[in-house]
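The values are calculated or read from the model by the stated rules, or taken from the named source; none is laboratory data. Because the structure is a prediction, the values reported are computed rather than measured. Every residue, glycine as well, gets a Cβ built from its backbone with ideal geometry; the counts of neighbours run over all protein chains shown. Note: accessible area is taken over every heavy atom of the protein model, side chains too, but ligands, DNA and RNA are not part of it. Shrake-Rupley method; radii C 1.70, N 1.55, O 1.52, S 1.80 Å.
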Amino acid sequence: NSMGEVMSYLREKPSTPPFNRERLSKELTQLREMIDVIDDSVRYANKVVSDLLDFAKIPKPDFQEVDLNSLIRDVLSTMKIPRNVTVTTQLDETLPRCKVDPTQMKRVYFNLVTNALQAIPEGGRLTIKSAKKGSIVEVQIMDTGVGIPQQNMKKVFNVLFTTKAKGAGLGLAVCKKLVEGHGGSIG
């Protein structure tokens, strides 16, 4: 009796379609695309949470003598730079070591480079310069994007101000707070 049930099951079981390499390749491509979307979403959520935490309670800087050019290089080495963006660094190798909190300054550079990359989604050039100007060390991060409209210039460092569809408006506000905590200025 049980043998008859097994035979009946095998006769009624739908046949498995033959192996299709093209279909499998298409499904793997779709899976990779979904994983990339998930990865980008997790990265974005992590950045928003980090920015909120940074802004809510920024610790006093742990000042150390560091090479700012090395911090800039470290940040660039960890970032995903799109292929359609050319990065140029013009770093003054004679800069004196500066007393800064390296973790906080890396955060500033990361946020500024991220902002610059978002300003050139179709590609362009990102230029980072460092120079000594009198007793001040200056770092410039510039992109070839359209720029910031004059009416928004005073608002870009305000908390929750953003012109982006996907943004929390904290990146530049965090930068301002961190730089000012070091006795510097940003603008």
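Looking only at residues in the range 50-69 that are at pLDDT 90 or above and within 20 Å of the chain's Cα centre (by Cα), which one is surrounded by the fewest Cβ atoms within 10 Å (Cβ to Cβ)? Only one residue tops the list, namely Asn69. Among the criteria (1) surrounded by 10 or more Cβ atoms within 10 Å (Cβ to Cβ); (2) within 20 Å of Leu172 (Cα to Cα); (3) modelled with pLDDT under 90; (4) charged (D, E, K, R), the one Lys106 does not fulfil is (3). Search the range 108-128 for residues that are touching a residue at least 12 places away in the same chain (Cβ under 8 Å) and pair each with any residue that is among the charged types (D, E, K, R) when their beta-carbon atoms are under 6 Å apart and the residues are at least 6 apart or on different chains. Sorted first by the residue in the range 108-128, then by its partner, the pairs are Ala116/Asp143; Ala119/Asp143; Ile120/Asp143; Leu126/Asp143.
Any residue that is over 23 Å from Gly145 (Cα atoms) and open to solvent by 30 Å² or more (accessible area, probe 1.4 Å) - is there at least one of those in the range 77-84? Within the range 77-84 (the criterion being over 23 Å from Gly145 (Cα atoms) and open to solvent by 30 Å² or more (accessible area, probe 1.4 Å)), the answer is no, since none of the residues qualifies. Scanning the range 58-103 for residues that are in contact (Cβ under 8 Å) with a residue 24 or more places away in the chain, closer than 17 Å to Val139 by Cα and among the hydroxyl-bearing types (Ser, Thr, Tyr) returns Thr88, Thr89, Thr94, Thr103.
Going by the structure shown, is Lys80 more than 14 Å from the chain's Cα centre (by Cα) and modelled with pLDDT under 90? Judged against the criteria, Lys80 is not a match. Here the condition is being touching a Lys or Arg at 6+ places or on another chain (Cβ under 6 Å) and not aromatic (Phe, Trp, Tyr); of Val100, Val75, it holds for Val75 alone.
Quick check, is Val139 part of a helix (DSSP H, G or I), buried (at least 17 other Cβ atoms within 10 Å of the Cβ) and of a type in the set (A, V, I, L, M)? Before the answer, list the steps.
Values: part of a helix (DSSP H, G or I): no; buried (at least 17 other Cβ atoms within 10 Å of the Cβ): yes; of a type in the set (A, V, I, L, M): yes.
Taking the combined requirement at face value, the residue does not satisfy it.
Only one of the numbered conditions (1) over 30 Å from Pro121 (Cβ atoms); (2) at pLDDT 90 or above is not met by Pro18, and that is (2).
May I ask you to verify whether Lys132 is open to solvent by 30 Å² or more (accessible area, probe 1.4 Å) and touching a Phe, Trp or Tyr at 6+ places or on another chain (Cβ under 6 Å)?
On the way: open to solvent by 30 Å² or more (accessible area, probe 1.4 Å): yes; touching a Phe, Trp or Tyr at 6+ places or on another chain (Cβ under 6 Å): no.
Answer is no for this residue.
Look at Lys47 and say whether it is open to solvent by 70 Å² or more (accessible area, probe 1.4 Å) and either among the aromatic types (Phe, Trp, Tyr) or within 12 Å of the chain's Cα centre (by Cα) (or both). Judged against the criteria, Lys47 is not a match.
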